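Participant: Okay, handing you the structure first.
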Amino acid sequence: MKRTILALQSLLPDEMVKLECDYKVVRLWESNDPDKTIRDYANDVQAVLSTYNSGGVSDRLMDALPNLEIIAQFGVGYDNIDLAAAKKRNIAVTNTPDVLTDDTADVAMFLMLNVARRGVEGDVFVRVGRWSSGPLPLSTSISGKTVGIVGLGQIGQAIAQRAEAFNTQIIYHSRSEKDVPYVYYDDLEEMAREADFLILACAGGPETEKMIDYKILEALGSRGFLINIARGSVVDEDDLLLALTNKTIAGAGLDVFANEPFVPDAMLKMDNVVLSPHVGSATHETRSKMGMLVIDNLSAYFEGKPLLTPVKLAS
Ligand code: 8YV
């Protein structure tokens, strides 16, 4: 008999076919009454397939699934999974690092180039016929500037590599100093003061919650740009709105928000902001690789083999 997986969201069609070949997949996102569906399959479910924007895997959900053995997250971040609750129940957790690194770093660069060089603004400017009335206001050079990266994990390092190719100087702040040729700042505020572009590439969760507040934005200064491809929770969004409104910072390029998919109304009207709908990993190629990694982790688990990309549960 096939094992049962509770899927909070779909994989791409090809990977979904593969998954459904090997498992009975309960498609929770299609259910009109998710609580009832969970109750109906409670004793059968051995695995949960979760994603960042599917509501997460709480202590309560784990409680409702007494035979749950593994949570396979479709994403690198797992701040929507209660890891302590998983550990307590001896539930394994996996994620999908590596395969999405390049695409996510590309989005950071896309936002940085766009907000500094008025990319989106220029496109709208041409489309609505304003060009014939005069030129677009001047923009800001990237070359020769200092890029401060918050969180120098794989994505942070991929951003650093790309930013170096644009002739910028790289500095970084992270939990610990790394063996890299970039200057490390233990103090985030001090780094923000040096940076022209502050790029957030750290993990979400309680440790980094609202770490970018008004004080840090003031340190970034009126010529500085904030780029966020990490999590909306890392930024105090009210402070950011204020800093953008009163030009405490020059602008922001944002792929993630505090309350996705909702973006504060005020932000929609700002021309010093470039907005994107959480698309770091959203390419055909990467989403397919992420799906395969989810499937491979599940196979490894149920075949008693080592997990490919386990999430370390705190000791
Ligand atoms: C989401 C992400 O997983 O990898 C992450 O941590 O935030 C994204 O790749 C993706 O949007 C699917 O929910």
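Where a number appears in this text, it was derived from the coordinates with a stated rule and is not lab data. Please read all numbers here as calculations on a predicted model, not as lab measurements. Cβ atoms come from the backbone with ideal geometry, glycine included; neighbour counts cover every protein chain shown.
Participant: Between ASN167 and MET1, how many nm apart are label points set 7 Å from Cα along the C-beta direction?
Facilitator: About 6.7 nm separates the two model spin labels.
Participant: What FRET efficiency, computed as 1/(1 + (r/R0)^6) with R0 = 51 Å and r the Cβ-Cβ distance, is obtained for GLN9 and TRP131, rounded to the nearest 0.05?
Facilitator: Between GLN9 and TRP131 the formula returns 0.75.
Participant: Ignoring everything except DSSP H segments at least 4 long, calculate the 222 nm mean residue ellipticity for the chain; use -39,500 (n - 2.57) per segment, divide by total residues, nearest 500. Present the calculation step by step, with values, prior to reporting the outcome.
Facilitator: Details: 12 runs with 113 residues, N = 315.
Helix contribution divided over all residues of the chain: -10500 deg cm²/dmol.
Participant: I would also like to ask the following. Please give the residues of the stretch 7-25, grouped as numeric ranges, whose backbone N is less than 20 Å from a label point set 7 Å along the Cα-to-Cβ vector of SER288.
Facilitator: Label zone hits: 10-22.
Participant: Hey, what do the phi angles of the stretch 194-200 turn into as Karplus ³J(HN,Hα) couplings, whole Hz, using 6.51/-1.76/1.60 and θ = phi - 60°, x for Gly and Pro?
Facilitator: 7, 8, 8, 10, 9, 10, 8
Participant: To the nearest 0.05, how large is the calculated FRET efficiency for ALA314 and LEU113 if R₀ is 35 Å and r is the Cβ-Cβ distance?
Facilitator: 0.40
Participant: Cross-link candidates for LYS210: which aspartates and glutamates have Cα within less than 18 Å, leaving aside residues fewer than 8 places away along the same chain?
Facilitator: Excluding near neighbours in sequence, the set is ASP79, ASP186, ASP187, GLU189, GLU190, GLU218, ASP236, GLU237, ASP238, ASP239, ASP255, GLU260.
Participant: Mind checking the full-extension length gain between ASP271 and ASN246? Use 0.36 nm per residue of separation minus the Cα-Cα distance, one decimal, nm.
Facilitator: Fully extending the segment from ASP271 to ASN246 adds 7.7 nm.
Participant: A further question follows. Using only the alpha-carbon atoms of the chain, report the extent along each of the three principal axes, biggest first, to the nearest angstrom.
Facilitator: The Cα atoms of the chain stretch 68, 47, 32 Å along the principal axes, largest first.
Participant: Could you give the size of the charge dipole of the chain about its Cα centre, using +1 on the Cβ of each K and R and -1 on the Cβ of each D and E, expressed in debye and rounded to the nearest 20? Can you show the working numbers first?
Facilitator: Values: 30 positive and 44 negative charges, 76 e Å.
Approximately 360 debye in magnitude.
Participant: Measure out, as a whole number of angstrom, how far apart the alpha-carbon centroids of the stretch 30-52 and the stretch 72-129 sit.
Facilitator: Centre-to-centre distance over Cα atoms comes out at 26 Å.
Participant: Quick one: which residues, 5+ away or cross-chain, put their amide H under 5 Å from the amide H of TYR185? H built at 1.01 Å from N.
Facilitator: Those lying under 5 Å, H to H, from TYR185 are TYR172, HIS173, SER174.
Participant: For the stretch 1-121, how many pairs of lysine residues have a Cα-Cα distance under 22 Å, where the two are 8 or more positions apart or belong to different chains?
Facilitator: Taking the Cα cut-off of 22 Å, the pair count is 4.
Participant: Can you bin the stretch 1-83 into rounded, prolate or oblate? Criterion: square roots of the alpha carbon gyration tensor eigenvalues sorted a ≥ b ≥ c, rounded for a/c under 1.5, prolate for a/b above b/c, oblate for the rest.
Facilitator: Rounded, since a/c falls under 1.5.
Participant: For PHE302 and ALA42 in the same chain, what is the full-extension length gain: residue separation times 0.36 nm, less their Cα-Cα distance, in nm?
Facilitator: Here the segment from PHE302 to ALA42 would lengthen by 91.7 nm.
Participant: Size of the dipole of the stretch 22-79 about the Cα centre, Lys and Arg at +1 and Asp and Glu at -1 on the beta carbon, nothing else charged, in debye to 20?
Facilitator: For the stretch 22-79, the charge dipole is close to 80 debye.
Participant: Restricting attention to the stretch 70-149, which trypsin sites (Lys or Arg not before Pro) occupy a DSSP loop and are surrounded by at most 16 other Cβ atoms within 10 Å? Please report the intermediate quantities before stating the final value.
Facilitator: Working: sites: LYS87, LYS88, ARG89, ARG117, ARG118, ARG127, ARG130, LYS145; in loops: ARG89, ARG117, ARG118, ARG130, LYS145.
Here the trypsin sites (Lys or Arg not before Pro) that fit, given the DSSP loop and packing criteria, are ARG89, ARG117, ARG130.
Participant: Starting from the amide H of VAL93, placed 1.01 Å from N in the peptide plane, find each other amide H under 5 Å away whose residue is 5 or more places distant or on another chain.
Facilitator: ILE71, VAL311
Participant: Same structure, new question: Could you run the Karplus curve 6.51 cos²θ - 1.76 cosθ + 1.60 with θ = phi - 60° over the stretch 86-103 and give me ³J(HN,Hα) per residue in whole Hz, x for Gly and Pro?
Facilitator: For the stretch 86-103, the Karplus curve yields 5, 4, 4, 9, 6, 9, 6, 10, 10, 9, 10, x, 6, 5, 10, 4, 5, 4 Hz.
Participant: Under 17 Å Cα to Cα from LYS305, which lysines show up? Leave out anything in the same chain fewer than 8 places away.
Facilitator: Here the lysines satisfying the reach criterion relative to LYS305 do not exist.
Participant: Express in nm, to one decimal, how much length is gained between ARG223 and PHE262 on full extension, taking 0.36 nm for each residue of separation and deducting their alpha carbon distance.
Facilitator: Contour length minus the Cα-Cα distance gives 11.3 nm.
Participant: If you take every DSSP beta bridge fully contained in the chain, what fraction is antiparallel? Give it as a percent rounded to 5. Intermediate values should be presented prior to the final figure.
Facilitator: Details: 2 of 43 bridges.
Expressed as a percentage, antiparallel bridges in the chain total about 5.
Participant: Explain nothing, just compute: Karplus ³J(HN,Hα) = 6.51 cos²θ - 1.76 cosθ + 1.60, θ = phi - 60°, for every residue of the stretch 204-211 in order, whole Hz, x for Gly and Pro.
Facilitator: The phi angles translate into x, x, x, 5, 10, 4, 6, 5 Hz.
Participant: A further question follows. Scan around ALA252 for amide H atoms under 5 Å from its own, H built in the peptide plane at 1.01 Å from N, and keep only partners 5 or more places away or cross-chain.
Facilitator: Here the answer is LEU226, VAL273, VAL274, since their amide H atoms fall under 5 Å of that of ALA252.
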